[in-house]
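Undergrad: One structure is given below, represented as structure tokens, and several questions about it will come after.
What follows draws every value from the coordinates through simple rules; no lab data is involved. Quick caveat, the model's predicted, so the values are computed rather than measured. When we count neighbours, we look across all protein chains shown, and the Cβ atoms used for this are built from the backbone with ideal geometry, even at glycine.
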Amino acid sequence: MFNQKNFFILFIAIVILAVGYALIGGQDDDSLPPIQQGEGLNIHTWESDNGAKVLYVHAPQLPMVDVRIVFDAGSARDNGKPGLAKLTNMLLDNGAGDWDTNQIVERFDNVGAQFGGSAHRDMAVINLRSLTEEEWLATALETTTAILQKPSFAYTEFERERKRVMVGLQNQKESPSTQANIAFYKAIYDKHPYATPSSGTEESISAIKRDDLVAFYQKYYVAKNATVVIVGAVDKKQAKAIVEQLIGDLPEGEKAADLPKVEPVKETNKIKKTHPSKQTHILVGQEGNIRGDEDYFALYVGNHILGGGGFGSRIVEEIRESRGLAYSSYSYFSPMRDKGPFIMGLQTKNEQAEQALDVLMATVKKFIDEGPSEEELISSKKNITGGFALRLDSNKDITEYVAMIGFYELPLDYLSTFNDKVESVTVADIKDAFKRRVHPDEMVIVMVGGEPEKEKAKK
């Protein structure tokens, strides 16, 4: 919910308030202290009266506040109705309290506030960014409170959003990368809740009723299932008042139940799907790691060398630089509540698909057998630690990281100790972790694309 009018209001207001803050404090803009990062980040945490986890960071440099509320209400909670979590989250701000969709948009626009929501496999998220000027912040908080506590789930809005989702699902059929991703998750996770796409399927979205959204909201959008993060120019007393206003009247409820355990991929499973495209999209991988995994840093640094570091990483060097088989190639771990996937991917010409796959598999096998060199490790560490500050260069970035810490119950010093833990990783650590955790002979292989011309000619 952000347009040009909204941006102009926000920009002018920040300039005016920032200058005002400087004048009141007897200092100009240049003398304002920088946002504290790394070991200077001070996270305060407490529990609300109705059981929500709260994390707060005081960041007074700009007259703004970011609020992020995370519920354990992602698509892993769809319970046989794929797309339910995402559709529920989408409908929250489509009418709430005394306001319809247009009025809600206008209320945020009039005070230069940004509001948004999203739903992923593990979590559903509500975001608010507002200036801290008293009247404007009050309007933004009042509107957000209604969205959180009194969504209407109006039938007309429900049908409109459902039709929009159906159009999106139809469009996904034209995307080989999306089709590859859907097939990949299904092959890895099978009957686990992670298997189905967050957007759902045409069949599941058609079957979902308005009452399903209401029931999902009532079960999962409760205080004990919430993590609230506040970062900005409000003191701790104000932060507590914001938490009380936003979720104080939410039912206490219950924390979502534990997810079933992810079963490991036990054999090679190669899936080929024909799609009218000139390139084949290839995804290869298996179950990976969880947030807070004891091998996280060894796998993270090792993967940066293997395929996560862009130019200079092994996969890019072998597939793109040495052979010109693909413009883009990569690998990454995606940790989640349970074991998120380890993914290697590329796109290449149809006639080169098998060759590119062979090179990819040979590259990862060699990396597991031999590990990285000391030179690669040193270069990777410099790249990771040198760029770490850029990941925390705004309140928005800090808010997202702190929300991750709270939702996945990571140590509060996670950010301040991140670089030290990266620096402590050794070649032996990487070799050991990859040998135990990554198994090239037990991976899912998904290939989606057109057939090579020579194969068409045979037909």
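Undergrad: Can you list the trypsin sites (Lys or Arg not before Pro) in region 229-267 that are in a DSSP coil and have 11 or fewer other beta carbons within 10 angstrom? Please list the in-between numbers first.
TA: On the way: sites: LYS236, LYS237, LYS240, LYS255, LYS261, LYS266; in loops: LYS255, LYS261, LYS266.
Those satisfying the criteria are LYS261, LYS266.
Undergrad: Ok, one more. Quick check: the angle from helix 155-172's long axis to the longest principal axis of the chain, C-alpha only, nearest 10 degrees?
TA: Taking Cα atoms only, the helix is inclined about 30 degrees.
Undergrad: Place the peptides 163-172, 72-81 in order of packing, highest mean first, counting for every residue the other Cβ atoms within 10 Å and averaging per peptide.
TA: Details: 163-172: 13.6, 72-81: 21.6.
Listed from highest to lowest mean packing, they are 72-81, 163-172.
Undergrad: Enter the angle in degrees (range 0 to 90, nearest 10) between the Cα long axis of helix 176-189 and the first principal axis of the Cα atoms of the chain, meaning the one along which they spread out most.
TA: In the chain, helix 176-189 runs at an angle near 90 degrees to the longest axis.
Undergrad: Could you list, in their original order, any pairs among LYS191/LYS435; LYS219/LYS421; LYS273/LYS366 whose Cα atoms are separated by more than 30 Å?
TA: Numbers: LYS191/LYS435 27 Å; LYS219/LYS421 38 Å; LYS273/LYS366 28 Å.
The answer is LYS219/LYS421.
Undergrad: Right, here's the next one. Loop only by DSSP, 14 or fewer other Cβ within 10 Å of the Cβ. Give me the GluC sites (Glu not before Pro) in region 288-330 that pass, ordered by residue number. Mind showing how you got there, number by number?
TA: Numbers: sites: GLU294, GLU317, GLU318, GLU321; in loops: GLU294.
Qualifying residues, ordered by number: GLU294.
Undergrad: Can you give the angle from 0 to 90° between the axis of helix 353-370 and the longest principal axis of the chain, with both taken from C-alpha atoms, to the nearest 10?
TA: Here the helix axis deviates by roughly 80 degrees.
Undergrad: A follow-up question, please. How large is the translational diffusion coefficient of the chain in µm² per second when you combine the Kirkwood radius over alpha carbon pairs with Stokes-Einstein at 10 °C and 1.306 mPa s?
TA: Once the numbers are plugged in, D ends up at 66 µm²/s.
Undergrad: Something else: Where does the chain land at 222 nm, in deg cm²/dmol rounded to the nearest 500, when only DSSP H runs of n ≥ 4 count, each adding -39500 (n - 2.57), divided by all residues? If you can, show how the numbers build up before the last one.
TA: Working: 16 runs with 197 residues, N = 459.
Per the formula, -13500 deg cm²/dmol.
Undergrad: Distance from the Cα centre of region 95-170 to that of region 353-403, in angstrom?
TA: Between the Cα centre of region 95-170 and that of region 353-403, the gap is 36 Å.
Undergrad: Calculate one ³J(HN,Hα) per residue across region 145-152 by plugging θ = phi - 60° into the Karplus curve 6.51 cos²θ - 1.76 cosθ + 1.60, and present them in order as whole Hz with x for glycine and proline.
TA: For region 145-152, the Karplus curve yields 4, 4, 4, 6, 9, 9, x, 8 Hz.
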